[in-house]
Each structure stands twice: as C-alpha cells, then as structure tokens.
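The values are calculated or read from the model by the stated rules, or taken from the named source; none is laboratory data. Just so you know, these numbers come straight off a predicted model, no measurement behind them. Note that we place each Cβ from the backbone using ideal geometry, even for glycine, and neighbour counts take in every protein chain shown.
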Amino acid sequence: MLVLTRADVEELLDLEELEAALARAHEELSSGEVSMPPRIAAWANETGLLGAMPAYLPSAGLGCKLVTLFPGNTDRPTHQAAIMLFDPETGTPIALMDGTYVTEARTAGAAALAARLLAREDATILAILGTGAQARAHVHAFTGVRDWSEIRIAGRDPAKARALAEELGATAAASFEEAVRGADVVAATTHSREPVVWRDWLSPGAHVSSVGANQSGGEVDPAIVAEATLVVETRAALAPPPAGAAELAGLDDSAVHAELGELVSGAKPGRTTPVETTLYKSVGIAVQDLAAAAIVLAAAQERGTGLTIELEEIHA
C-alpha cells in the first residue's frame, strides 16, 4: 500500500486537471453511475465530529475519506482528513493519503466549476468571504474562471483579511457588506451560523457560492435561498446535516434547479437571464475526494513518490 503525506499530495495534485476530473465525477453522479451513501458522522464531546464518506466512482475507483470538523481549531485546520483507496476488483487497500489538502482543493475546485457555469460572462468583481484555508484555496481556484478586475477579501478579523489580501494580491474590504456590494460573484467560505451575505447587498445577476459547513443556521440569507436559482452537488444536500446543508432545511426537490452534474452534461441550463441570482450550495461529497485522490495516485505511481508498506501478506 502506498502512503502519501500532505507534502506529497500538494506536489502531485494538478489543479487544472482537478477541475476537469470534478466535472466528469459530477456528470457520472447525476447520471446514476455512482455508488455514494449519505455522509454519516460521530460527535466528539459536542466540540467536533468525525465523518465517513465512502463512494465508488467509475472514473476514479473505490475509496473512503475520514474527515474531522472541529470549528474551534485555531492552531491547525478546522477540517483534517485521510483518504483510503481500494482496488475496486479485489477490495485490497492500495493507498492512504492526506485528505486535508484534497478537501481544500476539491471544495474550491467544485465551487470554481459552478461559477464557470453560472456566473455572468461579464463578471469582473469577485468577493471572497472568510480568511481561512478555503478562502485562500478559492482565490487560486477561481483564477481564470472570469477575467477578474478586482478580488475582495473580507473576514470578521480585519487584520487577517488585510494579511491574506496582501499575500494573494487582492483587496481587503472593511466588512462583509463592503465586499459584497457591487460584486458579481460572492464566495462564502466561513463556518458562520448566521448570514454573512444578505439579499439586500447583492447586485442584480450576482452569483453566490457557499461552501461553509454548519450543523445549524448558515452563512447565506434565507431570502437568497428562497429566491435564487439553486444548484447543488446532489439532491441529498436537502437532507439534515451531516449529510445535507442546514441552509436548505425544509426544502424539497422542487426548490433545486439542478445538480452540478446536470449543468456539466447540458441536461439542465445554467443561468437563463443576466439579472437572476444564482446560488451554488456545497456540502462536500465523496466523489469529489475520489476524483482528486485518483489524480494524486496516478501521479505518484508515475513518479515513484511515496512510501510503500505491507498491511498483511496476501497468499495466492
């Protein structure tokens, strides 16, 4: 079995290749080719959770991510994960890799794919809400989605927003409202249980992306959820957390315009007018992890990267 560290994964995961792999994975999911049960989770003293996310994806194989979410972490990531891949023909474990960077990259990559399909073609101003790992990943992933004339970053701590903006060549906004007003694309990447983006702040035709994971409440104004053209990774996002999104509680299938894979395949249209508000609400799903992990594994095998260990001797 091949073991790959975070440093290995960061070196091996090609972000341009990732977006194409995510598109393919979502198309397979929406066409019914995937086996992916809802995410389950165990709580740890009410301070965090351990989630299990198994799936089989024809283009990427068989695997499972174990991921923890501890929102109170300040000295380490709030999300930490490991991904195990298995031979889909025999069930033999073939790789164990860091999943923390994969989670960061695939979440931002899928949001960028959604923005490419839903944002107005003339969008030029991008607002990133949050200052953590996902905010940084979003700035990188959204590069090239549109020709941005300005990227704004806002957070609860203005000093962190200024520091991240300086690091990434963006503009620091004094508040969430200042970042959102006049923006064409708004990407919320917080853990907030209260809205950080409100309907009244949005310009006509704005695209909103929300990848924040919350067990109750949410980072998006309920009025946006009610009015926007809603796109999700899978309709399972309508289930209660941890499988679904708290922001979508109480909605039924009729509230969903499309799954992301239906936009990729053309089965459903994306934006239909220049003034409609579009919303991509992400919960993070296992096929995204598998799509990324398959890229990492293929690159590792090609380059001879990683540590090979034997869990047990297999007798023919």
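Some observations on this one:
- Pairs where the first residue, in the stretch 229-240, is under 17 Å from Asn214 (Cα atoms) and the second is in a strand (DSSP E or B) and among the basic types (Lys, Arg), C-beta under 9 Å, 6+ apart: Val232/Lys281; Glu233/Lys281; Ala237/Lys281
- Count of the stretch 39-62 residues which are touching a helix residue (DSSP H, G or I) at 6+ places or on another chain (Cβ under 6 Å) and without any contact (Cβ under 8 Å) to a residue 24 or more places away in the chain: 0
- Residues of the stretch 30-68 that are polar (S, T, N, Q) and closer than 16 Å to Gln80 by Cα: Thr47, Thr68.
- Residue in the stretch 40-48 that is on the phi < 0 side of the Ramachandran plot and buried (at least 20 other Cβ atoms within 10 Å of the Cβ) present: no
- All of Ala123, Ala127 fail the test of being in contact with a Phe, Trp or Tyr (Cβ under 9 Å, 6 or more places away or on another chain) and buried (at least 22 other Cβ atoms within 10 Å of the Cβ), apart from Ala127.
- Restricting the stretch 138-154 to residues that are hydrophobic (A, V, I, L, M, F, W, C) and crowded, with 24+ Cβ neighbours inside 10 Å, the residue that is farthest from Glu166 (Cα to Cα): Ala141
- Here Thr90 meets the list (1) under 27 Å from Asp157 (Cβ atoms); (2) among the polar types (S, T, N, Q); (3) in a loop (DSSP other than H, G, I, E, B) almost entirely, failing just condition (1).
- Checked against the criterion of being among the β-branched types (Val, Ile, Thr), in contact with a strand residue (DSSP E or B) (Cβ under 7 Å, 6 or more places away or on another chain) and in the same structural domain as Ala154 (by TED's automatic domain parsing), the candidates Val225, Val264 yield just one match: Val225.
- Filtered residue count, the stretch 239-266, keeping only those that are out of contact with any helix residue (DSSP H, G or I) (no Cβ under 7 Å at 6 or more places or on another chain) and within 17 Å of Leu29 (Cβ to Cβ): 4
- Test for Ala163: is it in the same structural domain as Thr277 (by TED's automatic domain parsing) and over 14 Å from Lys281 (Cα atoms): yes
Here is a yes/no grid of residues against (1) within 26 Å of Gln215 (Cα to Cα); (2) of a type in the set (Ser, Thr, Tyr); (3) not assigned by TED's automatic domain parsing to the domain that holds Ala183:
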| residue | (1), (2), (3) |
| --- | --- |
| Asp14 | no, no, yes |
| Leu18 | no, no, yes |
| His26 | yes, no, yes |
| Gly32 | no, no, yes |
| Thr47 | yes, yes, yes |
| Ala52 | yes, no, yes |
| Leu62 | no, no, yes |
| His79 | yes, no, yes |
| Asp87 | no, no, yes |
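- Check on Ser175, under 15 Å from Gly132 (Cβ atoms), surrounded by fewer than 22 Cβ atoms within 10 Å (Cβ to Cβ), assigned by TED's automatic domain parsing to the domain that holds Asn214 and not aliphatic (A, V, I, L, M): no
- Every residue from the stretch 149-172 that is closer than 14 Å to Arg136 by Cβ and acidic (Asp, Glu): Glu166, Glu167
- Members of the stretch 63-80 found to be surrounded by fewer than 22 Cβ atoms within 10 Å (Cβ to Cβ), at pLDDT 95 or above and in contact with a helix residue (DSSP H, G or I) (Cβ under 8 Å, 6 or more places away or on another chain), listed by number: Cys64, Gln80
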